[in-house]
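To keep things clear, I will list the structure first and then write my remarks on it.
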Amino acid sequence: MDIPYTVKPREDTGLYNAKLGIWLFLASEVMLFGAFFSAYILLRVGALPGTWPTHLLNIPIGTVNTLVLITSSITVVMAWASLKLNNFGKFRLYQGITVLCALIFVGIKSYEYHDKFTHYEVKLTDGKVYNGHISGSPMFMNLAKLTTGKTAVKEIQFIPDPPKGEKHAAHPEPITIQVAEIKKLECYGPFHSTYLAIYFTMTALHGLHVVGGALVIAYLWGPGARMWRTDPERFTNRIEVSGLFWHFVDLVWIFLFPVLYLL
């Protein structure tokens, strides 16, 4: 038995089944991300003046990632338009670029995450605070790991960040910090502050959507493309539906970038 409205639009909505389904799904996604954006706004507005962290993210890298996603939204439309023009070869080209852009986006975001987990704040017993990298850039280092184990570390080589506001300033010379003088050692992970907890939560959730959407698009680019030979119109509809999800992923980032990086 054939399922109705897989290609032909429904009389009541003017949409075929998959397109109606993706719009309902995207409505639930709007509520999901809307809750996180609302929480962010309330926490930031409620923070005491001067306590909300700023300038913790790499704006140039975030800008590049924004351009990558915008490019992928263009190519996913071009892929669908190519099928409408019965040009399967161009569809494969544009959709391949879309998958490549997704991989680039995830790669850049992974680099940003790695940088945060190897960037440390060190508070000393005399009240001094340093921000920077430990020589060797270990991840998830803390005071307990330095002072316990078979060989306890007595000192660390710390590379402080350049002074804020000096864009082209060279990194200060590495300094030696005695472990006995360290009161607190913590990387800039999600546990460092409320702001970073929100940053990691929202960008990781968005990243999962990027990976999920890219997997679907890659499947339709590869094994799923066999449907083009047997049912081209239904296959074209599948590309349109996957493209609608991809546009939503792009739109979420368009809001995440200024909210987290610029404001």
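The values are calculated or read from the model by the stated rules, or taken from the named source; none is laboratory data. This is a predicted model, so every value here is computed, not measured. Positions of Cβ are backbone-derived with ideal geometry, glycine not excepted, and every protein chain shown enters the neighbour counts.
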Quick check on my filter: what residues within the stretch 27-60 are within 22 Å of K116 (Cβ to Cβ), of a type outside the set (K, R) and part of a helix (DSSP H, G or I)? F33, F36, F37, A39, Y40, L43, I59, P60
Within the stretch 1-16, the count of residues that are in contact (Cβ under 8 Å) with a residue 12 or more places away in the chain and under 20 Å from F245 (Cβ atoms) comes to 4
Would you mind stating whether A204 is farther than 30 Å from E121 by Cβ, aliphatic (A, V, I, L, M) and not in a loop (DSSP other than H, G, I, E, B)? no
In the stretch 1-26, residue modelled with the lowest pLDDT [restricted to those that are of a type outside the set (A, V, I, L, M) and closer than 19 Å to V216 by Cα]: T6
Does K19 satisfy the condition of being in contact (Cβ under 8 Å) with a residue 24 or more places away in the chain and under 26 Å from H206 (Cα atoms)? yes
Taking the criterion of being touching a residue at least 60 places away in the same chain (Cβ under 8 Å), of a type outside the set (K, R) and surrounded by fewer than 16 Cβ atoms within 10 Å (Cβ to Cβ), would at least one residue in the stretch 215-229 satisfy it? no
Considering each of V64, V77 in turn, give the residue that is within 16 Å of L244 (Cβ to Cβ), assigned to a helix (DSSP H, G or I) and in contact (Cβ under 8 Å) with a residue 24 or more places away in the chain. V77
